[in-house]
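Student: Here it is, the structure, as structure tokens.
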Amino acid sequence: MAAWRRAIELSLGDADVERLRSIAQSRTEPASRVERARILLAYREDPSFFAVGRALSLHHQTVQRCVERAMVEGLMAALDDRPRPEGATVTRDRPLAAMLSLILICQIAGAVSVTASLFFLISTFPAAALVGGAPEADQSIARHVVMVTGSDRTFCSGVVIAQDLILTAAQCVHPATSYRIIGFDAPKPLTPKALKSVSSTVVHPEWDADAILRHRVSADVALVKLAAPLPPAYMPVALADSQRVVAAGARVIVVGYGVTVIGNGRTGGTLRAAHLLVTGNPGTLQIRLADPNTKGELAGLGACQGDSGGPVLDTSDGRLAVIGMISWSTGPALSTGCGGLTGVTPIIRYREWIVKTAAAMGSALKPMAPPEPSPKPGSEP
């Protein structure tokens, strides 16, 4: 997921601008350098990851990575592909997110299709991301959650709500991008059948990326329809019903494939889960979560880049239910980054739209099962 989106100040001198313009207009420079030069020029005019992504038909995460790299490594270094050490060999201990950064190279070369490049790269790099030391999710959680990977080198998380339907965040879905689904059952080495094809996506009509940039609430909800049902090992999770109240002090489970180190995509790709505490004044517009031990004031457990769309699960009445999706994060004490607060888009406000849209996509959702009745006094356990 993207962290709390405060604009990064990118300082460019006149000489920098002229050089970037020359590269952006070049017909001989590599396509990747041209694209990145255009990103930096556009960001200089409008310092918004979403706005630049929309203007250039790129995902906002692509824009964010380029700008952050320019800040850390320097302007010209940010235009180049990261060099591979001479004589380096492919190893099997690299995380899945490392392979995502190579997909565009395959596409630019024109040698393989998106599906083929995903298959080759994921076979090479197995999945290796909540920050703060969150443990890997066990099978009881992993069977409900998937990774949503894009042809534009982005990845998010999502939750299975029907055998052929994934609920994720609207910020994870871009109209110019094709998507595949990867889950816990992906074999090593990967086989072509392990990549789940996507037939369609629908974003909530009230989703407003600019509202998120202004720290305002938006309908960060989207549905991803699969071309074929998931195997029986995957289990859909029910949406919390309108009667379920989320109160301050409640403990919930957050799950995602995001990074463990902010800004380092190589640390993502492993499904992790953490127990967080509902804080503040939860409502139908927004829910805020924090590490029970640090309360958001010090660095602790929390969502980060790649966790967007991951489910927030409630088990308060003995039934697993989705009460929201991960949407944003802050660093400690409301600083920029991760490990402070985790922002959640509540299900209750958009539940009706999700149910109706799922039915229109041919994926009717099953109602939530009733809770187990309490045993009568004096009855056998």
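Laboratory data are not the source of any read-out in this text; all were calculated from the coordinates shown. Worth saying up front: this structure is predicted, and the values here are computed from it rather than measured. Note that each Cβ is placed from the backbone with ideal geometry, even for glycine, and that neighbours are counted across all protein chains shown.
Student: So how far apart, in nm, are the two label points at Ala31 and Ser335 if each is 7 Å from Cα heading toward Cβ?
Tutor: Here the answer is 4.0 nm between the modelled labels.
Student: What is the fewest-to-most order of Phe155, Phe49 by other Cβ atoms lying within 10 Å of their Cβ?
Tutor: Ordered from fewest to most neighbouring Cβ atoms within 10 Å, Phe155, Phe49 come out as Phe155, Phe49.
Student: For Lys295, Lys196, Lys356, what ranking results if the residue with the fewest other Cβ atoms within 10 Å of its Cβ goes first?
Tutor: Lys356, Lys295, Lys196
Student: As I understand it, the dipole of the range 11-75 uses +1 on the Cβ of Lys and Arg and -1 on the Cβ of Asp and Glu, about the Cα centre. Which of Tyr43, Leu58, Ile23 lies farthest toward its positive end?
Tutor: It is Leu58.
Student: Follow-up question, since we're still on this one. Please compute the net charge surrounding Leu56, taking Lys and Arg as +1 and Asp and Glu as -1 over other residues with Cβ under 10 Å from its Cβ.
Tutor: Here the charged neighbours net out to +1.
Student: Moving on to the next point. What's the magnitude of the charge dipole for the range 238-349 around its Cα centre, counting Lys and Arg as +1 and Asp and Glu as -1 at the beta-carbon? Answer in Debye, nearest 20.
Tutor: 60 debye
Student: Treating the range 238-349 as a set of equal point scatterers at the Cα positions, no solvent, please give the Debye-formula log₁₀ I(q)/I(0) at q = 0.14, 0.23 Å⁻¹.
Tutor: Those come out to -0.49, -1.27, one per q.
Student: Using a 10 Å cut-off around each Cβ, can you sort Lys225, Lys366 from fewest to most neighbouring Cβ atoms?
Tutor: Lys366, Lys225
Student: Obtain the nm distance between the two label points defined at Val355 and Ser11 by a simple spin-label model: each point lies 7 Å from its Cα along the Cα-to-C-beta direction.
Tutor: 5.5 nm
Student: Can I ask one more? Give the peptides 339-351, 272-284 in descending order of average Cβ contacts within 10 Å, highest first.
Tutor: Ranked from most to least packed, the peptides come out as 339-351, 272-284.
Student: Restricting the calculation to Cα positions, tell me the Rg (one decimal) and the Dmax (whole number) of the range 14-79 in Å.
Tutor: 10.8, 29
Student: Between the range 19-80 and the range 134-204, what is the separation of their alpha carbon centroids in Å?
Tutor: 27 Å
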